[in-house]
Amino acid sequence: ESLRPLVRKASLVVDLKTSGDLACVPFPGVLEQIMTNFVNNTVIHAARPDGKPVEVDVSIARQPDGTVQLSYADRGAGMRPEVRAKAFQPFFTTQRTGGTGLGLHIVQSLVADVLHGKITLDSTPSEGTKFVITFAVE
């Protein structure tokens, strides 16, 4: 809900899916920060050259093993391999002005240090970017 104005202004088309018992997912503020960073990155970096809205798929689901999996995928500009390789490094940015280059580093730190989980990144130029976060729920 808190991201709705940004999503609307950027003309993102978001599909959100949830499944399984998510009532005891810890640290909702951490998940909100992660989602905020993902959406901001999509708004800043994923614009399509044809000007069409960027489609975003978000899912969060309890897995059969009891873990929770959060998936965030945009069908935007994607990342070149050299950008993808540095995406989680602190202060790495492709913007000449504005960004601090901390967004994805903060996400990785929150996943590892607070959620004690794992994050993967898959991105292909012109096809989009996908993050998958998996963490245990006590």
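Key figures
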{"item": "Gln33 vs. criteria of a type outside the set (Lys, Arg) and more than 22 Å from Arg4 (Cα to Cα)", "result": "no"}
{"item": "Flag for Lys52 being under 21 Å from Arg4 (Cβ atoms) and over 15 Å from the mean Cα position of the chain (by Cα)", "result": "yes"}
{"item": "Region 98-124 residues that are on the phi < 0 side of the Ramachandran plot, paired with ones that are polar (S, T, N, Q) and open to solvent by 20 Å² or more (accessible area, probe 1.4 Å) (beta carbon under 6 Å, 6 or more apart)", "result": "Gly99/Thr93; Gly103/Asn41; Gly117/Thr134; Lys118/Thr134; Ile119/Gln108"}
{"item": "Residue selected from region 119-138 under the condition within 18 Å of Gln63 (Cβ to Cβ) and in a strand (DSSP E or B), by the criterion nearest to the chain's Cα centre (by Cα)", "result": "Phe131"}
{"item": "Strands (runs of 3 or more DSSP E) within region 1-74 that include 2 or more residues aromatic (Phe, Trp, Tyr) and open to solvent by 50 Å² or more (accessible area, probe 1.4 Å)", "result": "none"}
{"item": "Every residue from region 98-132 that is of a type in the set (S, T, N, Q) and either open to solvent by 50 Å² or more (accessible area, probe 1.4 Å) or out of contact with any Asp or Glu (no Cβ under 9 Å at 6 or more places or on another chain) (or both)", "result": "Thr100, Gln108, Ser109, Thr120, Ser123, Thr124, Ser126"}
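The values are calculated or read from the model by the stated rules, or taken from the named source; none is laboratory data. These numbers come from a predicted model, not from an experiment. As a convention, Cβ positions derive from the backbone with ideal geometry for all residues, glycine included, and neighbour counts pool all protein chains shown. Side chains included, ligands, DNA and RNA excluded: accessible areas come from the protein's heavy atoms. Shrake-Rupley method; radii C 1.70, N 1.55, O 1.52, S 1.80 Å.
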